Amino acid sequence: MVVHTGPLVSGSYQIITSVNTKLKALELEAEKFDGMKAKILAAKTLGEGFLTKLKTAHSDIAKNDAQDTDVKKALVKDNGDKTKRAEELGKLNTAINDLVNSAKELAENTIKKFTASTKKISTQSS
């Protein structure tokens with residue numbers, strides 16, 4: 001049975017391209033939030049690096065008859081052999097997780113501040 005992995009690689013490339021587009025938009029607003037710009041830049045840089053390296057490996061992994069082992073080297077972050085860029089994808093995944101967790105923490109802290117502020121105003125008016 002022949003497995004056509006070219007669309008998988010193309011889809012992965014498109015997803016990272018879309019993520020980088022969103023990161024570029026976030027970067028423009030990042031100054032408003034402490035520590036977020038560095039995390040956004042880190043993720044964006046890793047995404048761009050992954051895309052660049054994926055382009056160079058394109059002839060090996062983006063064709064329809066690409067070897068399953070080559071595709072795993074590019075896209076499976078816990079594969080033993082990461083010579084086709086899976087290591088970069090793993091680092092990108094970690095950077096995006098860090099960014100998401102920081103954004104979540106920032107949102108939670110902001111909600112707490114607003115809640116405390118509202119309670120304070122409510123007690124003062126009573």
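The values are calculated or read from the model by the stated rules, or taken from the named source; none is laboratory data. As the structure is a prediction and not an experimental result, all values here were calculated from the model. Glycine gets a Cβ as well: all are built from the backbone with ideal geometry, and neighbour counts include every protein chain shown.
From the residues in region 15-44 that are modelled with pLDDT of 90 or more, surrounded by fewer than 15 Cβ atoms within 10 Å (Cβ to Cβ) and not hydrophobic (A, V, I, L, M, F, W, C), which one is nearest to residue 88 (Cα to Cα)? Selected residue: 17.
Among the listed residues 70, 78, 60, 98, which satisfies the condition of being at pLDDT 70 or above and of a type in the set (D, E, K, R)? So the residue among 70, 78, 60, 98 that is at pLDDT 70 or above and of a type in the set (D, E, K, R) is 98. For first residues located in region 17-44 and touching a residue at least 40 places away in the same chain (Cβ under 8 Å) and part of a helix (DSSP H, G or I), partners that are among the acidic types (Asp, Glu) and surrounded by 11 or more Cβ atoms within 10 Å (Cβ to Cβ) and lie 6+ apart or on another chain with Cβ distances below 7 Å form the pairs 39/98; 40/27.
Scanning region 86-117 for residues that are of a type in the set (D, E, K, R), under 22 Å from residue 56 (Cβ atoms) and out of contact with any Lys or Arg (no Cβ under 7 Å at 6 or more places or on another chain) yields 87, 91. Residue 89 meets the conditions (1) in contact with a Phe, Trp or Tyr (Cβ under 7 Å, 6 or more places away or on another chain); (2) at pLDDT below 75 in every case but one. The failed one is (2).
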